[in-house]
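S.K.: Quick one: this structure, given as structure tokens, is what I'll be asking you about.
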Amino acid sequence: HRRPDDKRVLVIGLGRFGSSLALELVDRGWEVLGVDSNARLVQTFADALTHTVIADSTDEEALRQIGAPEFTRAVVAIGTHLEESILTTSLLVDMGVSTIWAKATSRRHGRILEQVGAHHVVQPEHDMGERVAHLLSGRMLDYVELEEGFSLGKTKAPKELIGKPLRETKVRQKYGITVVSVKRINSPFTYATEETVLQKGDVIVVAGRTDDVERFSEVI
Ligand code: ADP
């Protein structure tokens, strides 16, 4: 019963991170089994999640009983309890869960999770800290680093780009970035083309090397 369209996910740890993730998945139509050893937390999310179970995820037998080996996707959202996080991840790897996301609270924790076999490691506090630093220190309205050194930035269209087709602004040669989307005041975002003429007040999304996106966002 491992279908590719399987929209079931096991979320272990219903703290701030795990519960937010689980609720969002339910909103997006996923079937979520939420697990936590804390009965009070499980109770809190019992109605909102598809299924909830009180269990200790470091107990192999308990994991088998809740059907963990049948899941193709699992999230280990245990942050502060290092040993629990690592042991849980390792058990899920042994059970053959094919996509395991694990939350790390430090770089070293993340490295260990990768070493025991987690497929994706996220470090929400660290990543959000970096992201806020970019937003705080620059003029960007929003920012996301898609991978090391490549980013998307949301910024107000600088004067230099206004009033002529993007092709003529030479923005790609000059700043190394590509304008991918445009948002007029009171309109949703739409894609940008070579012919797009930006107006005062437009908000744009640009893609490029992080340094270039950063530099471009300083242009007024
Ligand atoms: P956050 O910062 O997202 O709130 P925490 O690390 O504080 O994350 O919370 C992790 C959750 O994982 C807690 O609710 C805790 O009860 C749960 N947890 C920790 N160890 C286990 C375990 N062995 N089995 C099940 N749940 C666990």
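No value in this document is a laboratory result; all are computed from the given coordinates. All of these numbers come straight from a predicted model, not from anything done at the bench. Here Cβ is always computed from backbone atoms with ideal geometry, including for glycine, and neighbour counts include all displayed protein chains.
S.K.: When the C-alpha atoms of region 8-122 are aligned to their principal axes, what extent does each axis show, in angstrom, from largest down?
M.R.: Taking the Cα atoms of region 8-122, the three principal extents are 35, 26, 25 Å.
S.K.: Grab the other residues whose beta carbon is less than 12 angstrom from that of A48, score K and R as +1, D and E as -1, and report the net.
M.R.: -3
S.K.: Something else about it: Quick one: in region 1-74, what % of C-alpha pairs are over 19 Å apart?
M.R.: Here the tail beyond 19 Å accounts for 28 percent of pairs.
S.K.: Still on this structure: Return a single number: how many Lys pairs in the chain, at a sequence separation of 8 or more or on separate chains, have alpha-carbon atoms below 28 angstrom apart.
M.R.: Taking the Cα cut-off of 28 Å, the pair count is 24.
S.K.: Based on DSSP, what percent of beta bridges with both residues in region 98-186 are antiparallel, to the nearest 5?
M.R.: 60 percent
S.K.: Provide, in order from the shortest bin, the percent of all Cα-Cα pairs of region 137-217 in each 5 Å bin, continuing until the bin that contains the maximum pair distance.
M.R.: Per 5 Å bin, starting at 0, the Cα pair percentages come out as 3, 17, 29, 28, 16, 6, 1.
S.K.: When the C-alpha atoms of the chain are aligned to their principal axes, what extent does each axis show, in angstrom, from largest down?
M.R.: For the chain, the Cα extents along the three principal axes come out at 66, 34, 32 Å.
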